[in-house]
Every structure is written in structure tokens, then in C-alpha cells.
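Data block below; observations after.
The values are calculated or read from the model by the stated rules, or taken from the named source; none is laboratory data. As the structure is a prediction and not an experimental result, all values here were calculated from the model. Cβ coordinates were reconstructed from backbone atoms using ideal geometry, including for glycine residues, and neighbour counts include every protein chain displayed.
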Amino acid sequence: MTNQAIIFTDGACLGNPGPGGYAAVITIAGDEQIIVGRDRSTTNNKMEMTAAIKALEAVSKDLPIVIHSDSQYVIKGATEWLRGWKAKGWRKADGKPVMNQDLWMQMDALMVGRQITWKWVKGHAGHPENERVDSLANWEAVRAAAGGEAEAESAEAAIAS
């Protein structure tokens with residue numbers, strides 16, 4: 001079997017806008033990488049997108065990717081809407097500017113020349129990997145709300161306790 005990157009991503013926001021966090025778990029040939037981060041003032045969509053962007057940045061361009069997200073905004077944006085937005089000068093069908101254009105442009109650049117399969121997974125439905133990234137993203141949002149300093153333990157250790 002050819003190596004591929006299996007990725008699960010999620011974003012979270014306490015309020016929308018509000019403090020937020022993102023998480024990605026990347027598995028390649030049994031090895032796992034966890035990426036987490038936070039922002040003190042953001043939106044849920046920005047955190048969902050940032051999780052996907054950070055994951056794409058972390059994977060070699062020649063490796064096929066299967067990326068899972070519970071965000072219809074990310075999945076449909078990447079697979080259905082992006083091409084039209086670019087063709088219309090980053091405008092939506094109603095002529096209004098695309099929200100989060102800077103992030104969509106980043107994602108678009110990261111997708112060029114890559115073999116990426118985007119898969120939607122229902123959130124909060126008991127899917128183990130999705131629940132894991134959800135917990136990690138929410139933990140980062142809590143840390144963002146607290147100023148980001150407090151606990152020295154890892155997000156995984158905090159989630160497990």
C-alpha cells in the first residue's frame with residue numbers, strides 16, 4: 001500500500017467571534033503528528049480553516065492526503081466553491097467578497113499539484129478521531145480565553161484526565 005497522510009482537523013470558538021483553537025492529527029505510516037494552536041479573537045470558520053492549512057503545510061507535497069473535517073464550510077469551500085470564487089475575482093455568487101479570502105488563498109496555494117481527498121465527517125457523532133481533534137481544539141480555545149499561559153501540561157494529557 002502506498003503511504004498516504006490521513007488527517008483529521010477541527011476548529012473551535014468560545015463565542016463566535018471569541019477565543020478559539022484548532023487541532024489536526026496527521027497519521028503517516030503509523031506515525032502521528034499533532035498540531036494545535038489558538039487565537040484570542042477569531043471565528044469558528046477561521047479556526048476550521050487554520051487547522052486544515054496547518055495540516056497541509058506539515059505534509060510533504062508528494063504524499064497523497066485524505067483530510068477529514070466536520071466543517072461543511074471547509075469541505076465545500078475546497079471542493080466546490082473555491083474555483084468559482086477565484087474565477088469571479090474572489091466574489092461570491094451574490095457579488096459580495098468571499099469571507100476569509102486570505103485563508104482561502106493560502107489553502108488554494110497549498111492544494112496546487114497535490115492529490116487531496118476531502119471527506120466530511122459528522123461532528124459530535126462519536127467518531128473517535130473527530131472527537132479527539134474536537135477535544136484538542138476546544139482545549140486550545142479554553143487556553144486562548146485564559147490568555148494562553150496557565151497549564152504546562154500537554155493538551156493530550158489534559159484531555160485524558
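Scan the stretch 83-93 and give yes if some residue there is modelled with pLDDT of 95 or more, out of contact with any Lys or Arg (no Cβ under 6 Å at 6 or more places or on another chain) and crowded, with 21+ Cβ neighbours inside 10 Å, otherwise no. No.
Pairs meeting the criteria (first residue in the stretch 115-135 and free of Cβ contacts under 8 Å to residues at least 40 places away in the same chain and more than 19 Å from residue 59 (Cβ to Cβ), second residue in a loop (DSSP other than H, G, I, E, B) and hydrophobic (A, V, I, L, M, F, W, C), beta carbons under 9 Å, at least 6 apart or on different chains) are 127/121; 131/125.
Looking at the stretch 1-12 only, could you name the residues that are assigned to a strand (DSSP E or B) and either in contact with a Pro (Cβ under 7 Å, 6 or more places away or on another chain) or over 14 Å from residue 140 (Cα atoms) (or both)? Listed by number, the residues that qualify are 5, 6, 7, 8. For the stretch 45-59, the criterion of being on the phi < 0 side of the Ramachandran plot, over 11 Å from the mean Cα position of the chain (by Cα), surrounded by fewer than 14 Cβ atoms within 10 Å (Cβ to Cβ) and among the small types (Gly, Ala, Ser) is met by no residue.
If I filter the stretch 1-24 down to residues being surrounded by fewer than 23 Cβ atoms within 10 Å (Cβ to Cβ) and in contact with a helix residue (DSSP H, G or I) (Cβ under 6 Å, 6 or more places away or on another chain), which single residue comes out as modelled with the highest pLDDT? Reasoning before the result, please.
Our first condition is that a residue be surrounded by fewer than 23 Cβ atoms within 10 Å (Cβ to Cβ); within the stretch 1-24, this holds for 1-6, 14-18.
Those left that are additionally in contact with a helix residue (DSSP H, G or I) (Cβ under 6 Å, 6 or more places away or on another chain): 14, 16.
On the way: 14: 96, 16: 90.
In this case the residue turns out to be 14.
Listed here are the residues, each with its yes/no results for (1) outside any strand (DSSP E or B); (2) in contact with a Lys or Arg (Cβ under 9 Å, 6 or more places away or on another chain); (3) over 19 Å from residue 128 (Cβ atoms); (4) basic (Lys, Arg).
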residue: 16; (1), (2), (3), (4): yes, no, yes, no
residue: 19; (1), (2), (3), (4): no, yes, yes, no
residue: 26; (1), (2), (3), (4): no, no, no, no
residue: 50; (1), (2), (3), (4): yes, no, yes, no
residue: 60; (1), (2), (3), (4): yes, no, yes, no
residue: 63; (1), (2), (3), (4): yes, yes, yes, no
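For residue 31, indicate whether it is surrounded by 13 or more Cβ atoms within 10 Å (Cβ to Cβ), acidic (Asp, Glu) and out of contact with any Cys (no Cβ under 8 Å at 6 or more places or on another chain). I'd like the intermediate steps shown before the answer.
On the way: surrounded by 13 or more Cβ atoms within 10 Å (Cβ to Cβ): no; acidic (Asp, Glu): yes; out of contact with any Cys (no Cβ under 8 Å at 6 or more places or on another chain): yes.
So residue 31 does not fit the description; no.
A Cβ distance below 6 Å, combined with a sequence gap of six or more or placement on separate chains, defines the contacts here; from the stretch 72-85, residues that are without any contact (Cβ under 8 Å) to a residue 40 or more places away in the chain reach residues that are of a type in the set (A, V, I, L, M, F, W, C) in the pairs 79/118; 85/98. If you go through the stretch 113-136 and pick out every residue that is at pLDDT 90 or above and either in a loop (DSSP other than H, G, I, E, B) or surrounded by 14 or more Cβ atoms within 10 Å (Cβ to Cβ) (or both), you end up with 16.
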